[in-house]
Amino acid sequence: MSRKRGLAAYCSALYAFLYVPLAVMTVFSFNDARRNVVWRGFTFKWYALLAKDAELIGATTTSLELAAAAAAISALLGVLAAYAMVRHKPFRGREAYGALLDAPLMIPEVALGVGLLSFLVRAGFELDFGALACAHALICLPYTVGAVRARLKSSAGERLEEAAMDLGASEWLAFVKITLPLLMPAIVSGCLLAFTVSFEDFVTSFFLAGIGLVTLPIKIYSMMKFGVTPEINALSTVLLTATFLLLGLNAWLAARSDARART
């Protein structure tokens, strides 16, 4: 009984440490005071100011477009990479290939940003939206590869592919008609993770964003120089709500996929 109480107290303290600051931030996003010092009343004016802030809306639009492009690129490359590692016969250097795919998770983001900046400048590429989207896709690639690889290993798609090819289907047709539909939940899950990682990335965007390219994290950083205002709290609350919605969508898709697999 004492162990259970101790575990419950530990878990409660851990969750409080994680989520109480978020709750305080959400509450103060409705504070009718310019500074987050005292509570002076309930208001929605900070959310109204967000809707009228053209620079903030532009930065949000840029981040959404960038995250969508990075998720699409990483999903395409992730499916091909995972399929090559799981479905095809073992090839020389496969373990090193897998380690390289996972490297962006372990390399410090500052070092990765400096390296990408040096490479793009020396190679003569402009620091525009396309370069930043490719850099974000590199960061997101381990998430899509991991999701698709796990799905390939756990599903019965390989036997179904072999059965389809025994019946006369080509390898490409078997992939499109059988493997790809089975992988779709993992692809969607990987895309959601990649979208979230790209949307909130600051370090890489800070190094590689060219003139006139301002993402939402960079915009928030510039706003934070003048202190934490209720407008920043309101923006963070909106982003937090969107994150929870994406997590809920991901969980719903996973549960739906499992239900279909059982039937």
Discussion item. Let me spell it out: the conditions are (1) under 28 Å from Ser29 (Cβ atoms); (2) in a helix (DSSP H, G or I), and Leu213 meets all of them except one. Which number is the exception?
Written reply: (2)
Worksheet item: Under the condition of being over 30 Å from Gly210 (Cβ atoms) and aliphatic (A, V, I, L, M), which residue from the stretch 80-107 is surrounded by the most Cβ atoms within 10 Å (Cβ to Cβ)?
Response: Ala82
Item to complete: State whether the residues of the stretch 221-229 include one that is under 23 Å from Leu141 (Cβ atoms) and buried (at least 16 other Cβ atoms within 10 Å of the Cβ).
Response: no
Discussion item. Residue pairs, Cβ under 8 Å, 6 or more apart or interchain, first in the stretch 37-57 and assigned to a helix (DSSP H, G or I), second surrounded by 11 or more Cβ atoms within 10 Å (Cβ to Cβ) and among the small types (Gly, Ala, Ser). List them.
Written reply: Trp46/Ser29; Trp46/Ala234; Tyr47/Ser29; Tyr47/Ala234; Leu49/Ala234; Leu50/Ala234
Worksheet item: From the list Ala137, Ala150, which one is surrounded by fewer than 20 Cβ atoms within 10 Å (Cβ to Cβ) and either assigned to a helix (DSSP H, G or I) or out of contact with any strand residue (DSSP E or B) (no Cβ under 6 Å at 6 or more places or on another chain) (or both)?
Response: Ala150
Worksheet item: Restricting to the stretch 175-216, what's the tally of residues that are under 28 Å from Ala123 (Cβ atoms) and surrounded by fewer than 17 Cβ atoms within 10 Å (Cβ to Cβ)?
Response: 7
Worksheet item: What do you reckon, is Arg34 free of Cβ contacts under 8 Å to residues at least 24 places away in the same chain, in a loop (DSSP other than H, G, I, E, B) and over 19 Å from Ile139 (Cβ atoms)?
Response: no
Worksheet item: What number goes with the only condition from (1) in contact with an Asp or Glu (Cβ under 9 Å, 6 or more places away or on another chain); (2) in contact (Cβ under 8 Å) with a residue 60 or more places away in the chain; (3) closer than 25 Å to Pro108 by Cβ; (4) aliphatic (A, V, I, L, M) that Ala194 does not pass?
Response: (1)
Worksheet item: From the list Ala33, Ala51, which residue is among the small types (Gly, Ala, Ser), closer than 27 Å to Ala194 by Cα and surrounded by fewer than 16 Cβ atoms within 10 Å (Cβ to Cβ)?
Response: Ala51
Worksheet, complete the sentence: Result of the Cβ filter at 9 Å on the stretch 150-170, keeping first residues that are closer than 14 Å to His88 by Cβ and partners that are at pLDDT 75 or above and among the polar types (S, T, N, Q), at least 6 apart or interchain, is Leu152/Thr179; Gly157/Thr179; Glu158/Thr179; Glu161/Thr179
Discussion item. Would you confirm, using the coordinates I've provided, whether Arg92 is charged (D, E, K, R), more than 28 Å from Ile139 (Cβ to Cβ), at pLDDT below 85 and not in a helix (DSSP H, G or I)?
Written reply: no
Fill in: Pick from the stretch 216-240, criterion of a type in the set (Ser, Thr, Tyr), in contact with a helix residue (DSSP H, G or I) (Cβ under 9 Å, 6 or more places away or on another chain) and in a helix (DSSP H, G or I), ranking: farthest from Ser29 (Cα to Cα)
Tyr221
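The values are calculated or read from the model by the stated rules, or taken from the named source; none is laboratory data. What you see is a predicted model; the values in this text were computed from it and never measured. Note: ideal-geometry Cβ built from the backbone for every residue, glycine included; neighbour counts use all protein chains shown.
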